[in-house]
Amino acid sequence: MRTLIQNVHVLTMDQTYTEYPNGFVLMNGNTIEAVGASGTPITVQVDKTIDGRGAIAMPGMVNTHTHIGMIPFRSLGDDTPDRLTRFLFPLEKACMTRSLAYHSGKYAIAEMQLAGITTFMDLYYFESDLARAADEMGARAILSETVLEDACDSPVPFGGLEYAERFIPEWLNHERITPAIAPHAPYTNTTESLQQARKIADHYGVPLTIHVSEMDFEMKKYEKEYQQTPIAYLAACGILNSNTVAAHCIFATPDDIALLAQHDVAVAHCIGANTKSAKGIAPIQAMQEAGLRIGLGTDGPSSGNTLDLFTQMRMVANFHKTQLKDRSAFPAREIVRLATMGGAEALGMAETIGSLEPGKKADLLLIETESVNMFPLFDPYATIVYSAQAANVQAVWIDGQPVVQEKSLVKIPLATLRQNLSSEMTDFRATASTFSK
Ligand SMILES: [Zn+2]
C-alpha cells in the first residue's frame, strides 16, 4: 500500500537539513519510498493521496527517556523535597501492579503519539506488560526492565535481573519493540548487580540504560566512597559502551564527558525534569563538542509532567541560551534535530528512523499551521520550537500505519484509555491520599 502526502512543507532532518517548502512524502508499506519537491513525477501507483497543504511534515520525534507506567503519579507531591524516596518508591512498592502499569503505559503512549512521538525508550517495572501495551498501540519502543534492590515487580532483591532474562528473549526480534535492561542508577545497585545487568545486555545484544549523575547525594556518595564520579565508577566497573544510554548526566565533569566519549555512551537530556526538580542543567554543549550522541527525554509523567517534546524543545532553548548568555546558542533547527535525528542516534537507530529519507521507516507527523499560535510562518524550525505545541500535531504515522488522524487516536478513543486507567487507580488513589498527609 502506497500513501502519498503532497503539497506539504517537508523538513527531512537529513544531514544537510534538506527542506522542501512545497514537497511530498511517499510511503510504501512501512517504509519511506521517496521524498522531494512537488512536481517531481511519481511513476508508481499510489493507493491513497493526502493533501498536506498548510502543514509541516517532519520525522517522528524520539523520546529517549521516560517511565510510561507512572501516569498515576502525575501532579502528586510535585513540589515536595525528597519526593523520590518519600512518595515514588514507597507508593510504587505499595500499589503498582501489572495491570496498573499496563493501562498507564497505554495512556502514556497515547499522550506521546498525540504529540508526534513515534519512538521512545522506557525504563520501568513489569516491562513485559508494557511491551504488550506498546505493541497494541503500534508504537516503536525500547522497553527496559528496571533493576534495583527492592523492586515492585519482584520479591527477590535485584529481581529485575531474573525478570530481564525472561522478558528479553520473549521480545527479541520484534519489528517495533526492543527489550532492554535498566539498572535504575548506580546508587540503587551494587557493583555486582550492575555488572550482571551489563552481562545480560551483552548476551542478548540489547541496550542498557541508567540514570546517572542526577542527584546531589549521588555525587557525594561516590566522592566519599570511591573518590570518583559516578560516571568514572561505571566506566571502571565495565558498564559503559556504545549500547548504553545515560539519562541526565547533569553533573558530568569535563573528565566524565571525555569518558562518555571514549566509551561512545549516548545521553538522554531531560531538561524539563532536571530544572523542575532544581537539580541543574546538563552541559550538553560540551557533550556535543566531544561528539556525544544526545537525544531529548521527557522523563516520566511524574517528573516531566507532560510527555511531549515540544515542551522539552522550548526548555532546551530557554535554559541553555540563558546559561550560556548567548541568544544564538542552540538555534531552533539544532533543537529540532535533537528531538528527531539526535534521539535516533542516541538510541542506536539512526539507520532506520530520525529523518525523512528513502529506505527509512515511515515514522512521521504532520503539524498544522492553522491554529492561532502558528501564524505567520517564516521559519518552520522556529515555529516548531518556540510557538508550536503538542495540540498542533494533526497526524502521525508509525511504521507506515496511521496512529493519529485529525488530532485523534485512530485505534482506540482516548476516553476509553482514560476510563480503563482511572478504574485501575482506586487503591492507588486511596494510598496516595494517606501519603500526602
Ligand atoms: Zn527517569
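Points worth noting:
- Search result, residues across segment 318-345 that are touching a helix residue (DSSP H, G or I) at 6+ places or on another chain (Cβ under 6 Å), buried (at least 17 other Cβ atoms within 10 Å of the Cβ) and within 21 Å of residue 378 (Cα to Cα): 330, 332, 333, 335, 336, 339
- Consider segment 272-298 and keep the residues that are within 14 Å of the ligand (Cβ to nearest atom), out of contact with any His (no Cβ under 6 Å at 6 or more places or on another chain) and in a loop (DSSP other than H, G, I, E, B). The one that is farthest from residue 241 (Cα to Cα) is 277.
- Qualifying residue in segment 219-228 (condition: among the polar types (S, T, N, Q) and within 15 Å of the ligand (Cβ to nearest atom)): no
- Exclusive hit being in a helix (DSSP H, G or I), away from the ligand (no atom under 16 Å from the Cβ), at negative phi and buried (at least 20 other Cβ atoms within 10 Å of the Cβ), set 239, 257: 257
- When residue 197 is tested against (1) out of contact with any helix residue (DSSP H, G or I) (no Cβ under 9 Å at 6 or more places or on another chain); (2) under 21 Å from residue 267 (Cβ atoms), exactly one condition is not met: (1).
- Looking only at segment 155-212, residues that are charged (D, E, K, R), over 21 Å from the mean Cα position of the chain (by Cα) and either within 16 Å of the ligand (Cβ to nearest atom) or crowded, with 18+ Cβ neighbours inside 10 Å (or both) come to 1 in all.
- Of the residues contained in segment 132-140, one or more are found to be in a helix (DSSP H, G or I) and buried (at least 24 other Cβ atoms within 10 Å of the Cβ).
- Close Cβ contacts (under 7 Å, 6 or more residues apart or on different chains) running from residues in segment 342-363 that are at negative phi to residues that are part of a loop (DSSP other than H, G, I, E, B) and of a type in the set (S, T, N, Q) comprise 355/12; 356/12; 357/12; 360/352; 361/30; 361/352; 362/30.
- Looking only at residues of segment 47-65 that are in a loop (DSSP other than H, G, I, E, B) and open to solvent by 40 Å² or more (accessible area, probe 1.4 Å), we find that the one that is farthest from the ligand (Cβ to nearest atom) is 47.
- Among the residues of segment 72-129, those that are of a type in the set (Ser, Thr, Tyr) and not in a helix (DSSP H, G or I) comprise 75, 80, 97, 118, 119, 124, 125.
- Failed condition for residue 85, given (1) open to solvent by less than 40 Å² (accessible area, probe 1.4 Å); (2) within 16 Å of the ligand (Cβ to nearest atom): (1)
- Pairs where the first residue, in segment 40-53, is under 11 Å from residue 26 (Cα atoms) and the second is surrounded by fewer than 13 Cβ atoms within 10 Å (Cβ to Cβ), C-beta under 8 Å, 6+ apart: 47/1; 48/1
- Only one of the numbered conditions (1) of a type in the set (A, V, I, L, M); (2) closer than 22 Å to residue 362 by Cβ; (3) within 16 Å of the ligand (Cβ to nearest atom) is violated by residue 68, and that is (2).
The values are calculated or read from the model by the stated rules, or taken from the named source; none is laboratory data. All figures in this text were calculated on a predicted structure; none of them were measured in a lab. Because the Cβ atoms are built from the backbone with ideal geometry, glycine has one as well, and the counts that use them run over all protein chains shown. Surface accessibility is based on the protein's heavy atoms, side chains included, excluding ligands, DNA and RNA. Shrake-Rupley method; radii C 1.70, N 1.55, O 1.52, S 1.80 Å.
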